[in-house]
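Engineer: Here it is, the structure, as structure tokens.
Any read-out appearing in this document is the output of simple, stated calculations on the displayed coordinates, not a laboratory observation. Source: prediction; values computed, not measured. Quick reminder, even Gly has a Cβ in these numbers, built from the backbone with ideal geometry, and neighbours come from all protein chains shown.
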């Protein structure tokens with residue numbers, strides 16, 4: 001004799017089957033949503049390329065050489081100011097200090113991953129292997145000069161470097177080991193091969209008017225003995241034009257593909273208050289002041305040359321996920337570098353809405369079927 005299940009048992013069996021199918025369907029929807037997020041979501045870590053890592057490694061080597069040289073040569077490193085012993089952090093006050101500086105900002109720029117960031121910015125600017133780039137560096141951020149040259153070497157670029165010896169506090173402010181000394185050391189050790197195309201005293205009106213006469217004479221003697229072309233021009237317009245000539249911006253030769261500005265030198269920034277509105281990082285267009293107030297930065301923009309402005313360091317570290325004032329220094333690629341241009345939340349929102357709608361639809365479908373069976 002066959003025993004048939006009761007209607008109640010049959011109904012319960014169907015409900016269980018539907019519940020199982022609902023759970024399986026929900027799981028599949030969740031799995032598809034998860035895979036889609038992994039594929040399309042842009043909230044991922046750094047888009048590091050080999051060139052970025054290479055640049056960071058070059059800078060790491062350079063910083064190590066500088067620190068070791070200071071120790072061997074008896075050049076004082078104040079460990080309270082420079083706990084990583086980079087040799088790139090000078091005293092708060094010296095005879096070549098021009099303005100106040102921010103200690104934590106100076107230390108942050110000794111991170112080798114800043115060289116990787118500059119590679120990223122150069123790529124965004126459209127710079128390619130073999131191109132020439134103009135680089136203007138005050139001594140306020142020696143770490144950024146090293147980072148810029150490391151990026152140029154990693155990308156096989158031709159840097160045209162002009163340096164100024166004036167520095168804000170905690171920059172290359174050691175009168176016995178200033179920016180020219182740092183540059184010459186790294187060339188001597190083979191880290192970089194291209195010497196500066198020109199050098200200036202920096203400071204007030206780019207001729208060291210705020211230095212003592214003895215300090216100014218001492219620097220001039222060292223500059224002349226280096227045989228690096230010396231720019232000594234207090235007139236802003238003439239100074240800028242001389243720099244543009246060195247950067248080959250007044251010839252029919254191949255022009256530079258980008259301009260990197262580190263620090264706030266008189267000739268690079270100019271005298272217009274509009275410079276305060278120039279954002280850190282890559283700039284393709286900015287409001288231009290009158291020609292009499294323009295520094296090199298404005299003249300480059302006027303000539304449609306992309307400009308990488310390296311100043312306001314706290315904002316840059318926050319924007320790109322680099323550590324602020326790290327101790328010890330991270331190794332290449334250890335920083336959680338992020339590309340803000342990739343942080344597009346649109347794919348996440350679309351996938352989330354789709355997942356939510358489908359999941360709710362599945363649950364409502366099950367509830368509707370269950371209610372009909374009761």
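Engineer: For labels at residue 100 and residue 360 in the simple 7 Å Cα→Cβ model, what's the distance in nm?
Structural biologist: Inter-label distance under the simple model: 5.4 nm.
Engineer: I would also like to ask the following. Determine, from the Cβ-Cβ distance of residue 280 and residue 205 and an R0 of 25 Å, the FRET efficiency 1/(1 + (r/R0)^6), rounded to the nearest 0.05.
Structural biologist: 0.50
Engineer: Once R0 is set to 56 Å, what does the formula 1/(1 + (r/R0)^6) return for the Cβ-Cβ distance between residue 187 and residue 273, expressed as a FRET efficiency to the nearest 0.05? Don't skip to the end; give the middle numbers.
Structural biologist: Values: r = 37 Å, r/R0 = 0.66.
So the FRET efficiency works out to roughly 0.90.
Engineer: Given a cut-off of under 8 Å on Cα pairs at least six residues apart, what relative contact order in percent is computed for the stretch 169-297?
Structural biologist: This gives 21 percent for the stretch 169-297.
Engineer: Now for a separate question. Taking N as the number of residues in the stretch 50-320, what is its alpha-carbon radius of gyration divided by 2.2 N^0.38 Å? If you can, show how the numbers build up before the last one.
Structural biologist: On the way: Rg = 16.9 Å, N = 271, 2.2 N^0.38 = 18.5 Å.
Working it through for the stretch 50-320, the quotient is 0.92.
Engineer: With the crude spin-label approximation of a point 7 Å out along Cα→Cβ, what separation in nm comes out for residue 312 versus residue 288?
Structural biologist: Calculated label separation equals 2.2 nm.
Engineer: Rounded to the nearest Å, what's the spacing between the alpha carbon centres of the stretch 202-236 and the stretch 142-176? Just the number, please.
Structural biologist: 18
Engineer: Averaging sequence separations of C-alpha pairs under 8 Å and six or more residues apart, then dividing by the length of the stretch 50-320, give the relative contact order as a whole percent.
Structural biologist: Relative contact order comes out at 19 percent.
Engineer: Take residue 128 and residue 212, extend 7 Å from each Cα along the Cα→Cβ direction, and tell me the distance between the two endpoints in nm.
Structural biologist: Once both label points are built, they end up 5.4 nm from each other.
Engineer: What's the ranking of 233-239, 150-156 by average number of surrounding C-beta atoms within 10 Å, highest first?
Structural biologist: Ranked from most to least packed, the peptides come out as 150-156, 233-239.
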